[in-house]
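Visitor: First, the structure itself, so that you have it in front of you.
The values are calculated or read from the model by the stated rules, or taken from the named source; none is laboratory data. All of these numbers come straight from a predicted model, not from anything done at the bench. A quick note on method: Cβ atoms are made from the backbone with ideal geometry, for glycine too, and the neighbour counts reach across all protein chains shown. The protein model used for the area step is the full one, side chains on, heavy atoms only, and it has no ligands, DNA or RNA in it. Shrake-Rupley method; radii C 1.70, N 1.55, O 1.52, S 1.80 Å.
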Amino acid sequence: MGGNGKRRWKISFYSRSKPTQTQQQQQQPPKEFLCPISGSLMFDPVVVSSGQTFERLSVQVCHDLGFIPTLQDNSLPDFTTVIPNLAIKTTIQNWCDSSGTQHPPAPDYSSLEEIIREKMKFSSPSASSLSKSMQLSPDIRVSERELLKAVAENPPVLFSHANTELTHRVNHFYSSSSEESVIVNTAATPSASPPTPLPLATRPACYSSTSSSSNSIAESETLTVTENPKLSREEDEIVEKLKSLDVRDQEQGLISLRKITRTKEETRVSLCTPRLLSALRTLFPSRYFSVQTNAIASLVNLSLEKVNKVKIVRSGFIPLLIDVLKGGFDEAQEHAAGALFSLALEDENKMAIGVLGALQPLMHMLRAESERARHDSSLALYHLSLIQSNRVKLVKLGAVSMLLSMVKSGDLASRLLLVLCNLAACNEGRSAMLDANAVAILVGILREGGGGDSEVIRENCVAALFALSHGSMRFKGLAKEARAVEVLREIEERGNNRAREKAKRILMMMKGRDEEDEDICWEEVLESGGISRTRYRAGGRNLPGPNSTNF
């Protein structure tokens, strides 16, 4: 037995071969599986407020040491909120199984502390002083520490947008002389979310070039800015007033900031500095109406420039905007919804806004009294639901039944149908819509003629039905039960080109002749103009286009 044991040991020992260089390379884990701080495979990955994924214990140790590491792209992460990243955890485990790699063990606190302390020695002077100040003031909350962070510069693309109103409105309804609309392009990079199928508004509804109530004040008090403005002095004066303990100084500083960023894109970019953003953040919780309202309105002005959108989110404004939606002044809530809409236009922000909890407050604002708040909340939800993670969150929050109920009553129907189309693009949303009797509701709206914006609503109802029909064995039975065939045939004969095409495909599927179209991607059809194309006024009023219907 001993001899046999030795022989087996020798065979096993000598049969081992040194892995080749190719095998070693194949066993290297993908970069996204490694914690940016420890460099090791993540055992418990979490998504932080700024959108990056870290090992949970790495974030905890950084928090305990009062240290914010500088990432490879020279940005500083926002550790205000952490959410478990179950998707990447499962992916890591699957990769370990397929590659023969051992599953990552739970990290050791002391080892991580040693790694992070070593990083602290070589961090930039500003980061070092930040860490020391945090350690000296252990009672400062994480959200307050983020006020001191520097924010990395981001994409150099500029968008042109309209300006703001500076005076308090007598009523909550929108009036504007502006009729500008801009097509949103969200497919600039391969990793971007699906391209926006509509030329929707790209600015909040509560902002216009001028209004009748503010013309006289704007003409007499507007600050003039030269072609090559030197804003350092203005920034110093504004920041000094924002940091003042005197509420009157705060109001004057905010009014100046709101005016100077009204129409000049270059001032919005130049003034969007970490120092000014830090001072602006402290005023969001103010219980003075003028301070809170003007602070958020100023942020919306700054957010209109594409290069500022990621900066603002990384500076920790999303939780503050959510708090205002939940309990701020009415007009401040309008601006907060507008700010979230503006920030949601940037693909890099969509996941962070959803992770930080903005979806449910935005859903609540769909029933607000203010037309502007409802308008901007619906468009914010539309842009946020362009990515899968937010679609799943909305389904779990019960958005499907709420949206269907509002669509059935005609409230914001044309816009909310677009959100439902996005939800129907994922399996969870499709199942929830079918369970909520969406087919019968949509067919009923089509049978009744669509309501106010009848042509647009009818087209978007067909688009939603088309999305629901994809890959669903249940749809055919539900559609027949709702007597959808007669309605779809009418649209096939009398609808516009896009509606006719989708109605035709649905009818073919119901007849069992959809096999020849199996290679057609329904999402591409939706994104390439399948949903109603419309021009908007910023306030949601319809503008007739040469070949479009009103939204």
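Visitor: Check the range 277-299 and report whether any residue there is touching a residue at least 24 places away in the same chain (Cβ under 8 Å), hydroxyl-bearing (S, T, Y), open to solvent by 10 Å² or more (accessible area, probe 1.4 Å) and closer than 22 Å to D376 by Cα. Show your work before the answer.
Guide: Keep residues of the range 277-299 that are touching a residue at least 24 places away in the same chain (Cβ under 8 Å), which gives 277-286, 288-299.
Those left that are additionally hydroxyl-bearing (S, T, Y): 278, 282, 286, 288, 290, 293, 298.
Now narrow it down to the ones that are open to solvent by 10 Å² or more (accessible area, probe 1.4 Å): 278, 282, 286, 288, 290.
From the residues that got through so far, the ones that are closer than 22 Å to D376 by Cα too are 290.
The answer is yes; a qualifying residue exists.
Visitor: Follow-up. Scan the helices (runs of 4 or more DSSP H) fully inside the range 425-535 and keep the ones with 2 or more residues being open to solvent by less than 10 Å² (accessible area, probe 1.4 Å) and at pLDDT 85 or above.
Guide: Working: elements: 427-435, 438-448, 454-469, 473-481, 484-494, 497-510, 522-525.
By residue number, 427-435, 438-448, 454-469, 473-481, 484-494, 497-510.
Visitor: Kindly indicate whether any position in the range 325-333 is assigned by the TED database to the domain that holds L362 and assigned to a loop (DSSP other than H, G, I, E, B).
Guide: Applying the first criterion (assigned by the TED database to the domain that holds L362) to the range 325-333 yields 325-333.
Add one more test, that the residue is assigned to a loop (DSSP other than H, G, I, E, B), and what stays is 328-329.
Yes, the range 325-333 contains a residue that is assigned by the TED database to the domain that holds L362 and assigned to a loop (DSSP other than H, G, I, E, B).
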